[in-house]
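Okay, structure first, notes after.
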Amino acid sequence: MSHKVKVAVVGASGYSGRELLRLLLLHPNAEIVAVTSRQHAGKPLTEEFPRFRGVAQADALSFVAPNITNITQSGAKIAFLALPHGVAHEFAAPLLDAGLRLIDLSADFRIRDAKVYAEYYDHAHPEPALLDEAVYALPELRADEIKKARIIACPGCYPTSVLVSLVPLLRAGLLDDSPIAVSSMSGVSGAGRKESLPFLFCECNESLRAYSVPKHRHLSEIAQELDIAASRKVRFTFVPHLVPVNQGICTTIFTGLRNGVTVDDVAKAYATVYAGKPFVRLLGNGQCPDTKNVTGTNFIDVGWAFDQRADRLILMSAEDNLVKGASGQAVQNFNLACGYAEHTGLTVL
């Protein structure tokens with residue numbers, strides 16, 4: 001396909017929306033025909049995001065109110081839903097009925113079980129019938145399904161950092177049944193672009209803290225995907241931390257190997273699953289990923305080591321929470337859905 005696909009960005013004023021706009025403006029096969037925001041409707045895009053000034057496509061765009069008519073009349077064929085959790089579902093059925101495909105960056109269609117969704121998001125899912133149709137869209141692991149899907153549910157930032165490391169090993173049966181411990185650290189942009197006392201500069205700077213312990217919302221999708229990969233119930237703990245940087249996630253996982261499994265087997269499993277996958281960089285045994293090497297890019301770096309004293313395998317990953325953990329992954333899924341090379345518009349160093 002060589003023509004440009006018309007796209008709408010619904011909820012374009014947040015951090016993920018801004019990053020998504022940046023990537024789509026750089027994309028050779030995407031034409032942005034609508035950007036929505038309740039707060040900024042009528043305002044020129046470059047007035048809210050001056051960094052896009054001088055880019056012809058951006059200079060021509062203004063925010064419109066987020067309603068179905070504005071989106072469908074724009075001529076968009078694909079709608080990116082960069083909305084808060086609990087809002088994306090309002091647009092799903094009407095846009096699907098109008099013939100659009102959806103790439104959802106929120107959590108509204110990640111969970112397969114409506115009861116689990118209600119438990120973690122504190123309200124009943126209003127479109128449970130659509131959950132069966134949605135594809136949990138981790139592109140390295142579900143490319144064939146993503147290519148055909150109408151609802152592409154992009155994984156969360158923390159889950160991406162965890163699942164890329166664990167799923168290949170669980171699928172290959174390399175890990176034992178002992179509980180898995182996950183510790184993740186995220187930059188402050190992961191909390192979203194909103195006014196909130198805990199995320200003010202003076203509250204975050206020169207400080208580091210755990211939060212949402214022991215039940216972060218992302219537990220729901222991590223558990224779902226680990227159980228699918230292992231074909232069993234996987235026991236694990238997940239503790240997120242807030243660190244005083246703008247962007248980036250660093251995740252460390254502690255797990256056990258089955259009897260007879262070696263670190264070489266771990267390396268082989270990764271190499272098999274991620275061969276030809278442009279955005280997973282396997283650093284190797286004893287190599288520790290660093291967020292400074294992935295921020296602003298769609299790469300996720302993965303390293304591992306074995307602690308003989310504790311008999312534990314240590315898995316490590318680093319990604320940008322706004323790119324590989326959100327908007328970059330959404331564009332990667334857009335490429336798969338439209339038949340473009342997976343890296344199109346995303347090879348940014």
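Key figures
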read-out	value
Residue within the stretch 23-38 that is touching a Phe, Trp or Tyr at 6+ places or on another chain (Cβ under 6 Å), under 23 Å from C154 (Cβ atoms) and free of Cβ contacts under 8 Å to residues at least 60 places away in the same chain present	yes
Only listed residue being of a type in the set (V, I, T) and crowded, with 23+ Cβ neighbours inside 10 Å, chosen from V9, V87, V64	V9
Any hit, the stretch 317-327, residues being farther than 28 Å from G173 by Cβ, loosely packed, with under 15 Cβ neighbours inside 10 Å and not charged (D, E, K, R)	no
Qualifying positions in the stretch 151-207 - among the hydrophobic types (A, V, I, L, M, F, W, C), modelled with pLDDT under 85 and surrounded by 14 or more Cβ atoms within 10 Å (Cβ to Cβ)	A191, F199, C204
Subset tally (residues that are among the β-branched types (V, I, T) and farther than 18 Å from T297 by Cβ) for the stretch 154-174	2
Single residue of N293, N333 found to be over 18 Å from M185 (Cβ atoms) and at pLDDT 95 or above	N333
Criterion violated by P126 - all others in (1) touching a helix residue (DSSP H, G or I) at 6+ places or on another chain (Cβ under 7 Å); (2) at pLDDT below 95; (3) outside any loop (DSSP other than H, G, I, E, B) satisfied	(3)
Qualifying residues in the stretch 250-287 (those that are in contact (Cβ under 8 Å) with a residue 60 or more places away in the chain and basic (K, R)) - the one nearest to S189 (Cα to Cα)	K277
Residue tally, condition in a loop (DSSP other than H, G, I, E, B) and free of Cβ contacts under 8 Å to residues at least 60 places away in the same chain, over the stretch 221-243	5
Criterion: closer than 22 Å to G339 by Cβ and modelled with pLDDT under 95 - qualifying residue of L26, L105, L96	L26
Filter result for the condition that a residue is within 13 Å of the chain's Cα centre (by Cα), touching a residue at least 24 places away in the same chain (Cβ under 8 Å) and not assigned by TED's automatic domain parsing to the domain that holds K215, over E140, E119, E127	E140
Residue among G173, G190 that alone is in the same structural domain as P240 (by TED's automatic domain parsing) and either without any contact (Cβ under 8 Å) to a residue 40 or more places away in the chain or assigned to a loop (DSSP other than H, G, I, E, B) (or both)	G173
Any chance A124 is out of contact with any His (no Cβ under 8 Å at 6 or more places or on another chain) and under 19 Å from A223 (Cβ atoms)	no
Top-ranked residue in the stretch 272-304 [being crowded, with 16+ Cβ neighbours inside 10 Å and of a type in the set (G, A, S); ranked as nearest to the chain's Cα centre (by Cα)]	G296
Enumeration of residues in the stretch 29-47 that are closer than 26 Å to N321 by Cβ and modelled with pLDDT under 95	S37, R38, Q39, H40
Sole exception among (1) closer than 30 Å to A310 by Cα; (2) part of a strand (DSSP E or B) for I152, by number	(1)
Some residue of the stretch 244-266 being assigned to a loop (DSSP other than H, G, I, E, B), modelled with pLDDT under 95 and of a type in the set (A, V, I, L, M, F, W, C)	yes
Residue that is nearest to M316 (Cα to Cα), among those in the stretch 267-279 that are in contact with a Pro (Cβ under 9 Å, 6 or more places away or on another chain) and outside any helix (DSSP H, G or I)	F279
Residue in the stretch 94-111 that is within 15 Å of the chain's Cα centre (by Cα) and either in a helix (DSSP H, G or I) or β-branched (V, I, T) (or both) present	yes
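The values are calculated or read from the model by the stated rules, or taken from the named source; none is laboratory data. Quick caveat, the model's predicted, so the values are computed rather than measured. Neighbour counts run over all protein chains shown; Cβ positions are idealised from the backbone, glycine included.
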